Amino acid sequence: MSVRNVLQVWDYVVFAAMLVVSTAIGFYFAFKPGKTKGGTTEEFLLGSRQISAFPIALSLATSFLSAITVISAPAEVYLYGMMVLLFNVSCLITVVFTCLIYIPLFYRLNIISTYEYISRRFGSAVKYLIVITFLTYMFIYLGIATYTPALALSEVTGINLWISIITTGSVCTLYTTLGGIKAVVWTDVFQICIMLAGLLALLIQGLIQVGGFEKVWRTAERGGRLNFFDFDPDPRRKHTFWTTVLGGTFVWIAIYSCNQAQVQRYLSCKSEKEAKKAIFLNWVAMLGLSVAACMCGLIMYAIYETCDPVQAKRINNSNQMTPLLVLDILAHIPGVPGLFIASAFSGTLSTISSGINAIAAVSVEDIIKPNWKSWEHFSESKKTLFTKLLAMTFGIWTMLLGGLTSLLDENLMQLMRSVDGLFLGPILGVFTLAALFPKSNGKGAFVGMVISSFLSMLFGVSSQMYPPDNRFTRKLPTSTSGCHLHNITVTSSTNVTSLLTTMETYPAPEKTVNILEAMASLSYGYYTPVGCLASIIIGLLVSMVTGGTKDVDESLIAPIYHTIHKFIFKKEPSAPLPESGIQLLESTPEKLFSTGHYPSSLQNEKLLTPVPGTE
């Protein structure tokens with residue numbers, strides 16, 4: 001049975017309306033009254049640092065949840081359970097660290113690019129190493145985020161995948177190029193409302209069809225999907241409390257502390273206080289979307305409990321499960337399937353727009369401005385135009401990368417978490433060295449970054465060469481026992497439940513394991529912590545051997561470091577002066593010496609010479 005179906009007219013109307021409104025917001029901020037003629041680069045990249053906390057919060061939440069949450073999170077819950085919801089705990093921890101360490105540091109430096117800070121702290125060699133890593137990461141991330149909703153639309157409607165990708169990329173590139181960061185932020189506000197509406201439509205109709213929340217919950221409990229707290233310490237297990245909370249904390253700190261796409265948003269706030277407020281409100285918005293997406297996953301399991309769509313050959317892989325669910329329970333309601341597809345595209349539009357805006361900022365601030373001497377002689381309007389053309393170019397590249405991602409046949413959420421871990425860990429390590437270790441130097445940071453990146457690359461290569469054993473991924477049982485009730489013929493005789501039972505009862509025999517195979521067995525949730533800690537430890541060791549840094553500029557160290565340092569090493573307060581002593585200190589030297597009331601210990605000081613006639 002095919003997943004593909006033809007949407008009704010109202011579905012196309014809803015989807016088209018989302019694209020039109022998003023584009024209109026870009027035009028508004030491009031030509032709004034009172035806008036500086038031609039604009040400035042700071043206005044284009046940071047909104048003149050005058051955006052309030054609420055829209056920034058929703059923009060932050062939308063960008064990195066993206067279509068991957070709308071499409072892949074329900075399927076992830078269906079296959080592995082509710083453990084994924086614990087990422088919100090790690091995100092809350094991240095909010096605390098970001099507000100204490102990174103927002104005060106970056107905001108007071110008055111920078112546009114995060115990597116300008118690394119240049120001041122460690123020099124240009126470390127900066128360019130990180131910039132290259134960041135650009136590579138962002139293009140891969142944007143490629144995956146672009147492909148995800150395009151896949152959904154292609155599978156549901158039969159529209160060609162490339163047409164979907166080009167439609168998404170073109171609309172997004174247009175409004176980002178025209179309106180800059182303000183257009184990005186305010187379209188994100190609109191798009192997160194669409195994302196939430198799509199998920200709620202699926203959630204409400206799913207609850208009605210299954211028979212209520214209580215029945216969904218009992219079915220999920222019976223199927224082992226309510227596995228919130230699995231404290232197994234085995235680092236090879238794909239999802240446990242530790243991999244989700246510990247590993248997730250490192251990933252989110254990396255995203256919010258040293259990813260230009262996120263930092264650029266809270267640097268656009270009116271004040272440091274507004275930036276901190278935006279980070280917290282962002283977590284609240286992320287929590288709401290995540291809970292809705294995970295509940296859709298439980299509904300997915302309740303509906304397909306006895307007839308797994310992949311085993312029944314209704315779809316090719318788990319990435320298509322959410323579009324199938326939309327068809328199965330929403331197709332009879334005009335416009336609602338279109339709303340859900342619009343919600344998936346909204347997530348991707350937000351991610352692409354913030355991504356290409358951030359890449360443009362890094363390209364201008366860290367590559368072009370320091371190395372192109374003619375840049376400073378350009379007028380502000382020409383600089384802004386050049387920055388917009390860069391953003392347009394990066395939007396086109398994103399479309400191409402989205403098409404290339406279609407060649408991958410993997411669980412998209414797992415793929416994205418793996419990419420996060422491989423790239424963000426080494427970068428976070430360098431930023432941690434810079435912000436919290438004053439004695440670390442550029443040599444240590446460079447060597448630590450190189451070795452940590454090489455180590456992360458080995459993890460990535462090994463995971464592709466040696467896919468993790470099912471004993472460690474622990475995909476939860478699924479069944480096809482009820483497919484005959486739906487007149488579906490299961491062509492595969494393999495029963496996943498019996499296979500898992502056999503594997504757990506009869507462990508595979510011991511065999512010789514090489515180093516790459518051993519690395520491949522580590523859960524992808526630990527990639528970022530390992531990369532970060534390797535970068536910090538190696539960086540500190542090399543810094544010690546090479547003499548460290550002396551007299552580092554205090555403004556380049558996180559303010560909280562100075563606060564803690566003063567608290568720990570504070571001097572004992574001297575005994576309070578008697579009232580007569582205070583009066584003496586408030587007197588002028590002439591009065592002191594003329595009256596003879598001065599401490600005898602001061603008579604030997606060269607700076608205090610007796611006034612003539614008072615001896």
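Over the stretch 80-131, the pair-distance histogram of Cα-Cα distances with 5 Å bins from zero comes to 4, 17, 17, 14, 16, 13, 9, 7, 3, 0 percent, rounded to whole numbers. Surface composition of the stretch 178-287: carbon and sulfur atoms hold 68% of the protein heavy-atom accessible area at a 1.4 Å probe.
Kindly state, as a whole number, the per residue volume in cubic angstrom of the convex hull around the alpha carbon atoms of the stretch 276-321.
In the stretch 276-321, the Cα hull volume divided by residue count equals 63 Å³.
Accessible area ranking (1.4 Å probe, heavy atoms, ligands and nucleic acids excluded), largest first, for F280, F87: F280, F87.
Ranked by the mean number of other Cβ atoms within 10 Å of their residues, highest first, the peptides 336-349, 525-538, 233-246 fall in the order 336-349, 525-538, 233-246.
Ranked by the mean number of other Cβ atoms within 10 Å of their residues, highest first, the peptides 397-403, 123-129, 430-436, 260-266 fall in the order 260-266, 430-436, 397-403, 123-129. Along each principal axis, taking the top coordinate minus the bottom one, the Cα set of the stretch 58-178 gives 52, 36, 26 Å in descending order.
Summed over the residues of the stretch 249-382 and divided among them, the accessible surface reaches 28 Å² per residue at a probe radius of 1.4 Å.
Across the alpha-carbon atoms of the stretch 19-127, the computed radius of gyration and Dmax are 18.8, 53 angstrom. Once the gyration tensor of the Cα atoms in the stretch 199-291 is diagonalised, the equivalent ellipsoid follows with semi-axes of 33, 22, 9 Å, ordered largest first.
If you roll a 1.4 Å probe over the stretch 316-385 with all protein chains in place, what percent of the accessible area is carbon or sulfur? Carbon-and-sulfur percentage of accessible area, whole number: 57.
Spread over its residues, the convex hull of the C-alpha atoms of the stretch 112-231 is 199 Å³ per residue.
The values are calculated or read from the model by the stated rules, or taken from the named source; none is laboratory data. Values in this document were obtained by computation on a predicted structure and should not be read as measured data. Here Cβ is always computed from backbone atoms with ideal geometry, including for glycine, and neighbour counts include all displayed protein chains. Just the protein is used for accessible areas: all its heavy atoms, side chains included, with ligands, DNA and RNA removed. Shrake-Rupley method; radii C 1.70, N 1.55, O 1.52, S 1.80 Å.
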